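The values are calculated or read from the model by the stated rules, or taken from the named source; none is laboratory data. Owing to the predicted nature of the structure, the values given are computational and were not obtained by experimental measurement. Here Cβ is always computed from backbone atoms with ideal geometry, including for glycine, and neighbour counts include all displayed protein chains.
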Amino acid sequence: MTATATAEHSTIHAATKPTPIENSGWLAIGELQQIPPLGARVVRTMHGDVAVFRNSADEVFALLDRCPHKGGPLSEGIVHGRLVSCPLHAWHIQLDSGEAKAPDIGCVPKFPVKVEEGRVYLGLQPLRESRARLNTVD
Amino acid sequence: MKEQLVLIGNGMAGMKVIEELLTLAPDKYDITVFGTEPYGNYNRILLSPVLAGEKSVADILINPIDWYADNGIRLHTGKTIVELDRAGRRVMANDGTECRYDRLLIATGSDPFIIPVPGKELPGVVSYRDIGDVERMLTASREHKNAVVIGGGLLGLEAAYGLHKQGMTVTVVHLLPTLMERQLDEVAGRLLQHSLALRGLKFVMAKQTSAIVGDARVEAVRFADGSEIAADLVVMAVGIRPNMALAKSAGLLCERGVVVSDSLQTSDTAIFAVGECVQHRGQCYGLVAPLYEQARVCAAHLAAVGVPGSDRFYEGSVTSTKLKVTGVELFSAGDFQGGDGCDSMVYQDAAAGVYKKLVLRGDTVIGAVLYGDVADGAWYFRLLRDHASVAAIRDSLLFGPVADGEGNSKPSVLDWPDNQAVCDCNGVCKGSIVATIRSKGLQTLDAVRAHTKASASCGACTPLVEQLLQMTVGADYHAAVSTPICGCTELSHDTVREAVRCQQLKSLSQLFKALHWRNPDGCDKCRPALNFYLIAAWPGEAVDDTQARFVNERIHANIQKDGTYSVVPRMWGGVTNPRELRAIADVADKFKIRTVKVTGGQRIDLLGVKKEDLPGVWSDLNAAGFVSGHAYGKSLRTVKTCVGSEWCRFGTQDSTGMGIRLEKLTWGAWTPHKFKMAVSGCPRNCAEATIKDFGVIAIDSGWELHVGGNGGIKLRGTEVLCRVTTADEVEEYCLAFMQLYREEGRYLERTAPWLERVGLDYVQQHIVHRSARRLELAQRFRDEQRHFQKDPWAELAQADARERFIPIKELS
C-alpha cells in the first residue's frame, strides 16, 4: 500500500490529495504493483476517470473509463491479452487502440502511459488537449 | 548438473518408472537404460496373443528405440549388467560398458524356472518369457507337430492355446490334478479343463516329469511312472523366479526376491527396485497391475515429489487374474479357497457353463472365482479391494450388482464415478477415458488404447472400455459432439472439468499450460468458468482468482447501468426485525442511497451505491449482524418462505424455520449458475417453490421436494424429486442435490437445463435411490462449506482490502 492511499487519510473518499497538474507532461500515478495483473485502477480527473490497465505480460494501457457502447466502467472488465471486456454488455475494447473489436463499432480515448523502475506515469498532454473532446463525450 | 539415473532392465516395470518420471520431473535426471533384449520395451503380457497369431510383435511394442532418443534417454540394448559396485556407484555390462550412477533402479524381472531334469538343455526345449522364446516356438510350430507344455498354470495354458492355434498337437502336462490351482478352485479348474479339451488341447494330469528324452533334439517327455509322450517341442512354463543374482552379488538384502521398502528402496537407499524381481512385505508379484502400482510410487520417490493420498507409499496389491484364451471367460481374485471363519457362496449352471464362487469373511468379500460369466468381476474385485461391507446385499450378491431393493437397475460402468479407475494396470480413470474419446473424437478401441492406454496392458477391462466407447460415440452420438467452451480451446466444458480432476490442475496458469490454451490468459468467457471448475474440484486448495471473476463476484455487489452498485444484505428466510430495519435505514441515510427496494426473493436492495462507498456500507451492515446476500453471485441466492404453520391457518409445517435452516446451511456456496430456493408451508405454495432450483412444499405427512424450476426467460415448473418425512431428510436431499449440481452442472447452466440434459431419472438415481451416494454428496457439501461459507463483505471491508475500491490517484 502506498502512503498516499491509506496513511494520510482516514476516509476513503479522499484517498489521495488532489494533485496539481505539473508541466513535465508525465505524472507519476503510483506503483505498478498497485494495479492487479489482469486488472485495472482508475485515476480520477475532473473530466472523468481514466482506467489504467495491466495485462499478464505487465504491459500497461490507459483508456477513458467509459465504454463507447453504454458508458460502462471498463476498469471493472475482465482483461485478457490486449483486450478488456466491458462489465455491462461484454463489448471487447482493444487496450492499445481504444477501438471496439469488430463487429462492434466505437472508440474510447486512449492516453500515453509508461512504466519506469516500477512506477507508472500517465501522459497528461493529451488529457489537456482532449479536454474538449472529453467534454463532448460527457 | 543433472543426477545420473541408471535403470537395469528395459522391461515393463522399469520403463513404467521412467515414463512416470518423465512426467513428474522431466529435467531431474540423466537417464541410462540397460536391457538384455535387442528391442525397445514391449508389453510382455501380450506375448500370448502374438503366439496365437492374434497380434504381431509390432503391436506390442510400448516404446520403440527412437522414443528413447527422443526423450534424451541413453539406451543400451543387448547388454546385461554383470557387476554392481555400490561403493563406487558404478555398474558394468557384459561387454565392458561402464556407467556411474547417483540413483540406480533394478528391474531385472524374473527368469523362467527350468525343471532340473536330464535333457533340459536339448534343442527344442524352450521357456516362455520373451520375444525370443515366442519366435522359437513359432519356428518350431512350422516345422514340427507335437508340442508338450509342462505347467498347467496361466502361462502354460496361454502357451498351449497359442501353439494349438498355430496348428500343433498340444499336450499340457500338469503336476497337480487340477489346472491353475493358484487361481481356481477344483470345480472351476475342471470346467476350464473341459472347455479347453473341447477346443482340442490334451491333458496329462497329476504327472511328474522326470526326463526329457532325445539325441540331437527333444523326442519325448518321460514321467516319474515310466510312461512317455512324444514331443518335438517342449515348453517349460512351470513358474518364474525373481532375477536377483546381480542384487545378491552386490550384497543387497535378498530373500525370495530383492527386498524393498514401501518406498521401493532396497537395503541401499541409493538403489530402488521394482517389478517381478522384488519382494515387498513378503510378497512377490508376477502380474502387471501391482508392478505398475510399484512403478508409480517409485517414480514419485525418485522425483522427490509427493503424490496424493495413499499412493505415496506402496502398501502391497490385491491382484486379480484373467486368462487370455479367446473365448474362455475366467476371473479370479483374492483368497478363493476360504477356510476357517469363511463362508462361500456358489452358483453353478452346468448347461450354461457358468460357475461363480465368492468367499466371504464376515460381511466382506475376500475372494472370487468366476467362470463362464465374468461381467461382474470388476465389481467383485472392487468390493474385495475396498473391504466393502456387503451385509445389505448379501442375498443377491451372487447375481452381481442388481436391484438393491429400491428398484435400481443394474449399474454398469456408466454409473461409475468419473474418478474410478477402469484400467487398474495403467491407472486410467473413467472420466479421462470419456474425456479423451470426446476431445480426440476417437471411434475405435485401438484408438482409445493408443491415446489413454486403458485396456492396453492385461486387457481385462476391455469390455468396460468398449462400453464407454459405445456410450460416448454410439447410442448417444449427439452428446459426443460437444461445443468448445470458447475460442481459446477445442475442449468442451465436460472435458476440461475432467482434466481439472484427473490431472489435478489447481490454478489457471497450470490449466492453460496443461490444456494448451490458445490465449495465455484465456478470455472473459472461459476464465470465470475455469475458475469455478477449479474451486469446485479443489475447494480450499485451488486459488480463487478474483481477476477471473465477473465484476459482481469480484466486488460482491451488483453493477448497475450507471456504474454504481446495489447492495443486498442477507435476511434469513426473508425474516427481519425492527433493529435490522433501523440499521438498513441508517445506512441508506448515511450513504445517501437513492433507492431502497424489496426484491423478488424477499430481501431489501440498496441501489446506487458508489464503488468507494461499498466498504463503508458493508462494515455498517456487518456491525448490525448482516452478511452478504450474494444477490450478485453464481451461488446460493435466497430461500424464499411463507409464514407457514406458525401463523397461517392452512400451514402444515414450519416453512419459515425450514427456509432459515436451509439458508444458514447453504449460504456462500458457489454453484454453476445462480441457485434459488423456496419453502412453502402447504400445497397452496405461496412461496412459489415450483419455479425454484430447489423447492420444498410442506404436505401433511412431511415434505415434497421439487427440483429444476425456473421463473426467468424460459418458464419451467419443477419436477418432483421425491417426498420425505423429516426435516433432517429435507436438509440431506437439498445438500446432496446442490452438490451433484455443483459437481456436474456446466458453468452458466441453471438447474432447469441441466435437469433436462441429464434427466430426472439420473438425479433420482444419485439422490433418492442410493442412500450411500446421497450421504456422500451431502457430506461433501458440508465439508466444502468450510471453505466457501465466509462473508466476503467482512473480508473486503478490512482496511487493507479497501485500496482496490478507490482511485489510485486523484487529479485536480
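So that you can scan it fast, the table gives a plain yes or no per residue for (1) more than 10 Å from chain B (Cβ to nearest Cβ); (2) over 20 Å from B:Ile808 (Cα atoms); (3) among the hydrophobic types (A, V, I, L, M, F, W, C); (4) within 12 Å of the chain's Cα centre (by Cα):
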site: A:Ser85; (1), (2), (3), (4): no, yes, no, no
site: A:Trp91; (1), (2), (3), (4): yes, yes, yes, no
site: A:Gly98; (1), (2), (3), (4): yes, yes, no, yes
site: A:Gly106; (1), (2), (3), (4): yes, yes, no, no
site: A:Tyr121; (1), (2), (3), (4): yes, no, no, yes
How many residues, within the range B:743-763, are surrounded by 17 or more Cβ atoms within 10 Å (Cβ to Cβ) and touching a strand residue (DSSP E or B) at 6+ places or on another chain (Cβ under 7 Å)?
-> 5
Got at least one residue in the range B:757-768 being among the basic types (Lys, Arg), more than 14 Å from every other protein chain (Cβ to nearest Cβ) and either in contact with a His (Cβ under 7 Å, 6 or more places away or on another chain) or over 23 Å from B:Glu498 (Cα atoms) (or both)?
-> no
Of the criteria (1) over 14 Å from B:Leu122 (Cα atoms); (2) part of a strand (DSSP E or B), which one B:Val221 fails | (1)
Test B:Lys640 against the stated conditions and say whether it is within 14 Å of another protein chain (Cβ to nearest Cβ) and either part of a strand (DSSP E or B) or over 21 Å from B:Arg804 (Cα atoms) (or both).
-> no
If you take the residues in the range B:167-202 that are closer than 14 Å to B:Ala231 by Cα and among the hydrophobic types (A, V, I, L, M, F, W, C), which one is nearest to the chain's Cα centre (by Cα)?
-> B:Val172
When the range B:531-585 is checked residue by residue, the ones that are within 14 Å of chain A (Cβ to nearest Cβ), more than 32 Å from the chain's Cα centre (by Cα) and part of a helix (DSSP H, G or I) are B:Val551, B:Asn552, B:Glu553, B:Arg554, B:Ile555
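Using the structure shown, decide if B:Arg100 is within 23 Å of B:Asn243 (Cα to Cα), crowded, with 16+ Cβ neighbours inside 10 Å and basic (Lys, Arg).
No: the conditions fail for B:Arg100.
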Got at least one residue in the range B:356-364 being under 25 Å from the mean Cα position of the chain (by Cα), within 29 Å of B:Glu293 (Cα to Cα) and modelled with pLDDT under 85?
-> no
Filtering the range B:786-811 for residues that are more than 10 Å from chain A (Cβ to nearest Cβ) and surrounded by 18 or more Cβ atoms within 10 Å (Cβ to Cβ) leaves a count of 6
In the range B:342-392, residues that are assigned to a loop (DSSP other than H, G, I, E, B) and without any contact (Cβ under 8 Å) to a residue 60 or more places away in the chain total 13
List the pairs whose first member sits in the range B:717-732 and is without any contact (Cβ under 8 Å) to a residue 24 or more places away in the chain, whose second member is part of a strand (DSSP E or B), and whose Cβ atoms are under 7 Å apart, counting only residues at least 6 apart or on separate chains?
-> B:Val720/B:Glu704; B:Val720/B:His706; B:Val724/B:Gly702; B:Val724/B:Trp703; B:Val724/B:Leu705
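So that you can scan it fast, the table gives a plain yes or no per residue for (1) within 14 Å of chain A (Cβ to nearest Cβ); (2) surrounded by fewer than 19 Cβ atoms within 10 Å (Cβ to Cβ):
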{"site": "B:Phe591", "(1), (2)": "yes, yes"}
{"site": "B:Lys597", "(1), (2)": "no, yes"}
{"site": "B:Leu607", "(1), (2)": "no, yes"}
{"site": "B:Lys610", "(1), (2)": "yes, yes"}
{"site": "B:Ser619", "(1), (2)": "yes, yes"}
{"site": "B:Lys634", "(1), (2)": "no, no"}
Go through (1) over 27 Å from B:Lys590 (Cβ atoms); (2) facing chain B (nearest Cβ under 7 Å); (3) modelled with pLDDT under 90 and name the single condition A:Thr2 misses.
-> (2)
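Each row is one residue, and each column tells you yes or no for (1) more than 35 Å from the chain's Cα centre (by Cα); (2) over 30 Å from B:Met168 (Cα atoms); (3) small (Gly, Ala, Ser).
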site: B:Ala107; (1), (2), (3): no, yes, yes
site: B:Pro112; (1), (2), (3): no, no, no
site: B:Val117; (1), (2), (3): yes, no, no
site: B:Pro123; (1), (2), (3): yes, no, no
Give the range B:180-218 a look and list any residue that's in a loop (DSSP other than H, G, I, E, B) and in contact with a Phe, Trp or Tyr (Cβ under 8 Å, 6 or more places away or on another chain), or say none.
-> B:Gln183, B:Leu184, B:Asp185, B:Arg199, B:Leu201, B:Lys207, B:Gln208
Being under 30 Å from B:Thr725 (Cα atoms) and in contact (Cβ under 8 Å) with a residue 40 or more places away in the chain narrows B:Leu665, B:Leu621 down to just B:Leu665
Which fully enclosed helices (runs of 4 or more DSSP H) of the range B:760-799 have 2 or more residues being more than 30 Å from B:Asn552 (Cα to Cα)?
-> B:760-764, B:771-788
Answer yes or no: is there a residue in the range B:581-597 that is farther than 24 Å from B:Leu796 by Cβ and in contact with a helix residue (DSSP H, G or I) (Cβ under 6 Å, 6 or more places away or on another chain).
-> no
Would a scan of the range B:710-731 turn up a residue that is surrounded by 19 or more Cβ atoms within 10 Å (Cβ to Cβ), within 14 Å of chain A (Cβ to nearest Cβ), modelled with pLDDT under 95 and in contact with a helix residue (DSSP H, G or I) (Cβ under 8 Å, 6 or more places away or on another chain)?
-> no
Assess whether B:Val730 counts as being within 34 Å of the chain's Cα centre (by Cα) and not acidic (Asp, Glu).
-> yes
Output the residue which, of all residues in the range A:59-72 that are closer than 19 Å to A:Leu27 by Cα and part of a loop (DSSP other than H, G, I, E, B), is nearest to the other protein chains (Cβ to nearest Cβ).
-> A:Asp65
